[in-house]
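Here the structure comes first, spelled out in structure tokens, and everything after it is commentary.
The values are calculated or read from the model by the stated rules, or taken from the named source; none is laboratory data. The shown structure was predicted, so the numbers you read here are calculated from the model rather than taken from an experiment. As a convention, Cβ positions derive from the backbone with ideal geometry for all residues, glycine included, and neighbour counts pool all protein chains shown. Protein only, heavy atoms only, side chains kept; ligands, DNA and RNA dropped before computing areas. Shrake-Rupley method; radii C 1.70, N 1.55, O 1.52, S 1.80 Å.
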Amino acid sequence: MQEDQPQDIENDDLHEHYRFTASEGQEPLRVDKFLMNFIENATRSKIQQAAKSGNILVNDVAIKSNHKVKPHDVVRVVLSYPPAEKLLVAEDIPLDIVYEDDAVMVVNKPAGMVVHPGHGNYSGTLVNGLIYHIENLPTNSNERPGLVHRIDKDTSGLLVVAKTEFAMTNLSKQFFDRTTERLYYALVWGHVEDDEGTIEGNIGRSFKNRLQMDVFPDGDFGKHAVTHYKVLERLTYVTLVQCKLETGRTHQIRAHFKHIGHTLFNDERYGGDDILKGTTFTKYKQFVNNCFKVLPRQALHAKTLGFTHPTTGEFMRFNSDVPQDITDCLEKWRTYSENSKDVEQD
């Protein structure tokens, strides 16, 4: 039986939903497995059905699901309707607005809120709320209204939003030039020995799990990334640190701290939802699991944000309180640490 041959297809009426470029280090991998590493919540059967329907292209050629992706291949998923993130719908979502004037808005984003639509999150995002509250927001280079930077879904904290084209250009340049101030609080596994330090190493997509970022210290892959940290509190098997971003790469703090052996507490994507440090006692395991329940996300909060106002030229600095879930988790660890000292003294 002759095998179906790939064919060029006319795709003028098709809309691109995903585009990925295979890295230089990509080993030959079936396209269905490749896409599962990239697209959250995707199932292999759905990807295979999309390939069967001619909706998966590699280098603009429709392929079968067993096609092997190689370095530098451009993999696209195209469908007959536009992706949902292009069909932005204004939603009356309450926003925690820290500051607002004619040019900028500073928002304190809660954990669990996605910043912009995409990858299965097409409503309830910060952008859906922004376009409801503000008309005619300027778009960034990715056509996302108002956004100058972003933080992860399960990271809480401060974001600045540009309300005018001038503010968008000005603030974007400040982030590019690294003249903004960004301080995060993170609870990480283990005893961080040095009171302060710097983590430096290129950050890029992991070759093993494309939903993760890896650190490439030799600089062969990824983008230059620098994180400065200072220990705020040591709590037996975890450490509270303040992180100052010199660069702003995707998952920078999460990847950098995993790289030095201090994965963020309860960071599911990077393995921090396992008990990485501590004892084998059942009571300790129960204690940590209770901490996970109190803080059901990575322990990361964007606490301080500083930038020069685009029109007044004044440097502005904003601070947000550490959220209740992180505070409650810290209190549990403080109690545990005090009790541990009492046991040691006895």
Consider P145 against the criteria (1) under 26 Å from V322 (Cα atoms); (2) in contact with a strand residue (DSSP E or B) (Cβ under 9 Å, 6 or more places away or on another chain); (3) modelled with pLDDT under 95: it satisfies all of them except one. Which criterion is unmet? (1)
Across (1) open to solvent by 20 Å² or more (accessible area, probe 1.4 Å); (2) modelled with pLDDT of 85 or more; (3) basic (K, R), K86 clears everything bar (2)
Which condition number does I97 fail, the rest of (1) aliphatic (A, V, I, L, M); (2) surrounded by 14 or more Cβ atoms within 10 Å (Cβ to Cβ); (3) modelled with pLDDT of 85 or more; (4) over 18 Å from L211 (Cα atoms) being met? (2)
Output the residues belonging to region 211-224 that are surrounded by 19 or more Cβ atoms within 10 Å (Cβ to Cβ) and either closer than 21 Å to L183 by Cα or basic (K, R) (or both). M213, V215
With region 243-346 as the region, which helices (runs of 4 or more DSSP H) entirely inside it contain at least 2 residues that are more than 15 Å from T155 (Cβ to Cβ) and touching a residue at least 60 places away in the same chain (Cβ under 8 Å)? 324-345
Go over the candidates Y184, Y132 one by one and state the one that is open to solvent by 10 Å² or more (accessible area, probe 1.4 Å), under 20 Å from the mean Cα position of the chain (by Cα) and among the hydroxyl-bearing types (S, T, Y). Y184
Kindly indicate whether Q286 is out of contact with any Gly (no Cβ under 9 Å at 6 or more places or on another chain) and either at pLDDT below 95 or more than 30 Å from V226 (Cβ to Cβ) (or both). yes
Please work out which residue is surrounded by the most Cβ atoms within 10 Å (Cβ to Cβ), limiting yourself to region 225-275 and to residues that are at positive phi and touching a Gly at 6+ places or on another chain (Cβ under 7 Å). N266
Keeping to region 135-169, report how many residues are of a type in the set (V, I, T) and open to solvent by less than 20 Å² (accessible area, probe 1.4 Å). 4
